[in-house]
Amino acid sequence: MKPTPIDRIADLRKMAAVADAGLGAVLDSFRDAVLLVDHRGIVACANRSAEQLFQTPAVCLIGTDFLNLMADRKSHGFLDYLRGELLPRDAATLGATIELAGRQPGGVFVPIEVTSGRVVQPGDPAFTLVIRDTTERKAQEKLLRDSANRDPLTRVATRAHVEQLADVELFRASRYGRPLSVLLIDIDRFKKVNDTHGHAIGDHVLREVARRCKALIRASDLIGRWGGEEFLVMTPETAVDGGRALGERLRKTVVDQAVVLDTGESVPVAISIGIAQYLPSDADLTTIVARADEALYRAKANGRNRVEVAGQTPVGGTTGMVARSAA
């Protein structure tokens, strides 16, 4: 006859570790959640922190399958590890620490860190699971990653982060034969803005150009500060014609409205853009950016405030180069 949940709980309470009168007081002193789990993976004891973590009274946790408190497939492998690695040991053993996702009522997931240990007691062995809620730590880690990956002035991606993400997009474009375009954007006559209005106003212009460009691109696109007054936009699933159309929209959204300062003064701003599409012969992002850079210089030479595409003949004007200092 299959044991009922009541029978199961009665059996669990007979475990030597659970029967220890002082155990509950000790476990309740822990800030981390603690579960005592039998060799089948059934919760035999839970402290007050476990009640708070799983938003469930201890009387309801007892008799529950440990896996029912978890929210990802890794927990199955973790339980297999406990049975396969710790169960055969003869002595109390500290096991592995693993990151999992706990489940609260209503389907709420909580990031957790679980440290396991084997309990030596008469009869069947058991496991202790010390469980720490890592929500705050994960949030701090995300803030640190964002700080490392975002340009502190413009809040778009750093060049290093762009290069890192580009490896993934270029691999996808190469493997599946998908189009990808790169737009290299330079603020026209930015040196004059700094010389005329000061670097604080120059910083304001950089932030505003980045904000306008970021607002116009898709969520799947990537924008980063490439250096100085240059920005790079990477557009997956976009052939060169689509890249040109995006470039024109970016150029227009910048030039059509001057940047307004806190003093009420308006600073006219324009950008030039060079565009290059990924080619099967491109070894990495550097080769694509080199072609986009050539197109950008052509845009500068042809009067600025314009878009040029690598490999295409410019419409009118000269093909000569201009120096960066005069850009």
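Bear in mind these aren't lab numbers, they're just calculated from the coordinates by the rules spelled out. Everything quoted here is computed from the prediction, not taken from an experiment. Don't worry about glycine lacking a Cβ; one is built from the backbone with ideal geometry, like all the others, and counts go over all protein chains shown.
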Discussion item. Give me the count of lysine pairs in the chain whose alpha carbons sit under 24 angstrom apart, restricted to pairs 8 or more positions apart or on different chains.
Written reply: 12
Response to the item:
For the chain, the charge dipole (Cβ of Lys, Arg +1; Cβ of Asp, Glu -1; about the Cα centre) points to a positive end, and the Cα of 162, 96, 134 closest to that extreme belongs to 162
Worksheet, complete the sentence: Fraction of alpha-carbon pairs in the stretch 140-289 farther than 23 Å apart, rounded to whole percent, equals 38
Discussion item. Run lengths n ≥ 4 of DSSP H only: what is the helix-derived mean residue ellipticity at 222 nm for the chain, with -39500 (n - 2.57) per run over all residues, to the nearest 500?
Written reply: -12000 deg cm²/dmol
Worksheet item: Across the stretch 214-229, in residue order, what do the Karplus-derived ³J(HN,Hα) couplings come to in whole Hz, using 6.51 cos²θ - 1.76 cosθ + 1.60 with θ = phi - 60° and x for Gly and Pro?
Response: 4, 5, 9, 7, 6, 5, 7, 7, 10, 10, x, 7, 7, x, x, 9
Item to complete: Might you report the magnitude of the Cβ-based charge dipole of the stretch 178-278 about its Cα centre, with Lys and Arg at +1 and Asp and Glu at -1, to the nearest 20 debye?
Response: 240
Worksheet, complete the sentence: Computed about the Cα centre, the charge dipole of the chain from +1 Lys/Arg and -1 Asp/Glu charges at the Cβ has a magnitude in debye, to the nearest 20, of 580
Worksheet entry | Charge dipole magnitude, Cβ of K and R +1, D and E -1 - the stretch 26-81, Cα centre, debye nearest 20 | 60
Discussion item. Apply the Karplus curve 6.51 cos²θ - 1.76 cosθ + 1.60, θ = phi - 60°, to the phi angles in the stretch 258-272 and return the couplings in whole Hz, x for Gly and Pro.
Written reply: 5, 7, 9, 8, 4, 6, x, 6, 9, 10, x, 9, 9, 10, 10
Worksheet item: Tell me, what ³J(HN,Hα) does each residue in the stretch 102-110 have, in order and in whole Hz, if you take phi through Karplus 6.51 cos²θ - 1.76 cosθ + 1.60 with θ = phi - 60° and put x for Gly and Pro?
Response: x, 10, 9, x, x, x, 6, 9, 10
Discussion item. Which three extents, in angstrom, do the Cα atoms of the chain have along their principal axes, listed largest first?
Written reply: 91, 49, 32
Fill in: Nearest-0.05 FRET efficiency for residue 200 and residue 29, computed from C-beta distance (R0 51 Å)
0.40
